[in-house]
Amino acid sequence: MGKRRWGRFAEVRIRATGGDLMNVPTRLNRRSLLIGTAASAALAGFAPLRAQEAPTPAPVPPPSPPVDRWQALARITDGGLLRPSDAGFASEALPNNLRFRHVRPEGIVRCRTPQMVGEVLSWCQDYEVPFAVRGGGHSYAGFSTTHGLLIDMAAMNAIAYDPATGRAKVGAGAINQPIYDALRQSGRMMTHGRCPTVGVAGFVLGGGIGFNMRRLGLASDMLVGAEIVTADGRVRTLSATEEPDLFWATRGGGGGNFGVSTSFTFDTVPADRQVTAFRIVWRQNTRKVAGALFAALDDAPVTLGTRISLAGVTPTLHAGGRQVAITLLGQFAGDREAFEKLLQPVMAVAAPEFADIREMPYWEAQNFLMEPGAPAWYRERSAFLDTAPSETFLEKAFHHLVRWPGTGAHGDLFFFQTGGRINEVAPAASAFVHRGSRWLAVAGVSWSEHDTVRPEIVRAAKKWQDEIYHDVVQAGGHGAFINFPDASLAEWRARYYGANLPRLAAIKATVDPGNLFNFPQAI
Ligand SMILES: Cc1cc2nc3c(=O)[nH]c(=O)nc-3n(C[C@H](O)[C@H](O)[C@H](O)COP(=O)(O)OP(=O)(O)OC[C@H]3O[C@@H](n4cnc5c(N)ncnc54)[C@H](O)[C@@H]3O)c2cc1C
């Protein structure tokens, strides 16, 4: 993104009045009338009548050609429209999850103001054009792709930190890296993810997890205000006291359900001067290491943020002696010695093959922990666990892990450590309902371009993933994380939203009665 120059149109723009509408083709947008023909201009400049004179019938202008709906949209967006024949369209249309790269929009608009968003929504309704809203474009399930109009928010990406309040206001089109840069410059931090190109909108609307969440809460718990454009074109300011229902829904209700968010305001805290960041890999005795690791980390202080991943291994490699690799990644707001003490029982089971454990300033650590997130083919299935994985569960999981059918990429079972501050918030206090867990388990598979012409490999990988996911559910895995949307979930409403679903549905019915914001897993 960002390589293309978005052209600009200079247009005469006239608000519609009752009288002007007489000779206007009915396909014009009902909210704003864009008159470009010479005949229309003559009508607009018609001289006033003299008193006694018999009224001369106004010359009837020849019917104007129907205004092309795309021209009308280009005018509304002041040239911020890209069509398939425009240079750069194909790359602009590409989602992060290449499984959905065939879903091509008819047009992409880049909105610059909340008012423009409102007019674009109105255009979509007038011309009955389906649309999707895109922030960073990383939806796992392709929910920011469409065959209609793609509403791209990338231009609304301003970031401002206010030292007086300690709050950061972020445009809904901003992606992670510039937000990190702004926070780093201000000496602040919040709960954030690891991928530099994930968008703040999708991230926070679904809750937003990261290595700070056990001590600071979810990103949506740090949200203190937001702005959204709803189906009626209204620009609404949200906070605990302004439109509190919609603000409640904004904190974990998932992207794309209630309107187009245009900005978010977060509380921030001073960035740690020093944290211990670590990446440790075990390849020996990993079945026992897994048990020891969950036991050691389960009672760890909330200043520890971790992700444990168990990598699938193809049977042939396994026979050749390779084991499931375990990677522990994360940060500890404390010194290296204290962290190593925590991990000592695990180190006693097996020495890691690789260990990079370093003290460094907070934002330097985030570079160390970064996940590049280049476009790829992937699918993830998630569930929350209220206890650490049991030995029985790990036994089953390892049975599957050493039978990874193998793609040109990865198959993993990974666990984000949750709990702490997240669980101090009541499930009904915001739309994010999953407040009692200790781990978030994810079965993830990805594949390569080469695999796309070997559908049997992809099918086998998904089957393998389904089996592991089934084991997670049998072991008590409940719910699903809306930020990792899973199109294969039958009971997705209950899994994403649990007991908060009725309130979310009622809010949706109030702000979007016509169900304008609609996609396969819309509330
Ligand atoms: C590599 C990678 C790393 C990740 N790491 C993390 C992580 O550490 N923590 C975490 O919580 N999640 C993580 N995620 C998941 C990520 O948070 C979600 O995929 C999120 O929805 C992506 O947001 P986006 O804006 O980039 O995506 P998009 O696809 O643009 O948007 C996601 C959804 O939100 C909607 N949406 C986007 N913008 C708006 C808007 N302005 N108003 C209303 N709706 C909107 C879209 O229509 C879509 O339904 C990761 C994903 C990837 C691919």
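Quick one: in the range 83-101, of everything that is in contact with a strand residue (DSSP E or B) (Cβ under 6 Å, 6 or more places away or on another chain) and part of a helix (DSSP H, G or I), which residue is surrounded by the most Cβ atoms within 10 Å (Cβ to Cβ)?
GLU92
Condition check ((1) open to solvent by less than 40 Å² (accessible area, probe 1.4 Å); (2) away from the ligand (no atom under 16 Å from the Cβ); (3) in a loop (DSSP other than H, G, I, E, B); (4) not aromatic (Phe, Trp, Tyr)) across all residues:
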{"position": "LEU246", "(1), (2), (3), (4)": "yes, no, no, yes"}
{"position": "GLY253", "(1), (2), (3), (4)": "yes, no, yes, yes"}
{"position": "PHE264", "(1), (2), (3), (4)": "yes, no, no, no"}
{"position": "ARG287", "(1), (2), (3), (4)": "no, yes, no, yes"}
{"position": "LEU293", "(1), (2), (3), (4)": "yes, yes, no, yes"}
{"position": "LEU297", "(1), (2), (3), (4)": "yes, yes, no, yes"}
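Say we look at the range 463-492 and pick out the residues that are surrounded by fewer than 20 Cβ atoms within 10 Å (Cβ to Cβ) and in a helix (DSSP H, G or I); which of these is farthest from the chain's Cα centre (by Cα)?
Restricting to residues being surrounded by fewer than 20 Cβ atoms within 10 Å (Cβ to Cβ) and in a helix (DSSP H, G or I), the top hit is GLN474.
Checking GLU456 against (1) in contact (Cβ under 8 Å) with a residue 60 or more places away in the chain; (2) away from the ligand (no atom under 15 Å from the Cβ), only one condition comes out false. Which one?
(1)
Testing LEU218 on (1) out of contact with any strand residue (DSSP E or B) (no Cβ under 8 Å at 6 or more places or on another chain); (2) touching a residue at least 24 places away in the same chain (Cβ under 8 Å); (3) more than 25 Å from LEU369 (Cα to Cα), one condition comes back false. Which one is that?
(3)
Go through the range 362-394 and report how many residues are farther than 30 Å from ARG184 by Cβ and either in contact with a Lys or Arg (Cβ under 8 Å, 6 or more places away or on another chain) or in a strand (DSSP E or B) (or both).
Of the residues in that region, 10 qualify.
Across the range 376-420, what is the number of residues that are crowded, with 18+ Cβ neighbours inside 10 Å, at pLDDT 95 or above and among the β-branched types (Val, Ile, Thr)?
Final tally of qualifying residues: 1.
Taking the range 222-244 as the search range and keeping residues that are over 17 Å from the mean Cα position of the chain (by Cα) and within 14 Å of the ligand (Cβ to nearest atom), which one is most open to solvent (accessible area, probe 1.4 Å)?
By that ranking, first place goes to VAL235.
Can you tell me how many residues within the range 447-462 are part of a helix (DSSP H, G or I), of a type in the set (Lys, Arg) and either modelled with pLDDT under 95 or under 25 Å from the mean Cα position of the chain (by Cα) (or both)?
Residues that pass the stated criteria total 1.
Of all residues in the range 145-173, how many are within 22 Å of VAL109 (Cβ to Cβ) and not in a strand (DSSP E or B)?
Residues that pass the stated criteria total 12.
Among the residues of the range 359-375, how many are touching a helix residue (DSSP H, G or I) at 6+ places or on another chain (Cβ under 7 Å) and open to solvent by 70 Å² or more (accessible area, probe 1.4 Å)?
Of the residues in that region, 2 qualify.
Which residues, counting only those in the range 59-74, are modelled with pLDDT of 55 or more and either among the small types (Gly, Ala, Ser) or open to solvent by 50 Å² or more (accessible area, probe 1.4 Å) (or both)?
PRO59, VAL60, ASP68, ARG69, GLN71, ALA72, ALA74
Mind counting the residues in the range 160-187 that are open to solvent by 30 Å² or more (accessible area, probe 1.4 Å) and under 18 Å from the mean Cα position of the chain (by Cα)?
4
The values are calculated or read from the model by the stated rules, or taken from the named source; none is laboratory data. Here the structure is a predicted model, which means the values were calculated and not measured. Note that each Cβ is placed from the backbone with ideal geometry, even for glycine, and that neighbours are counted across all protein chains shown. Please note that ligands, DNA and RNA were not included when accessible areas were found on the heavy atoms of the full protein model with its side chains. Shrake-Rupley method; radii C 1.70, N 1.55, O 1.52, S 1.80 Å.
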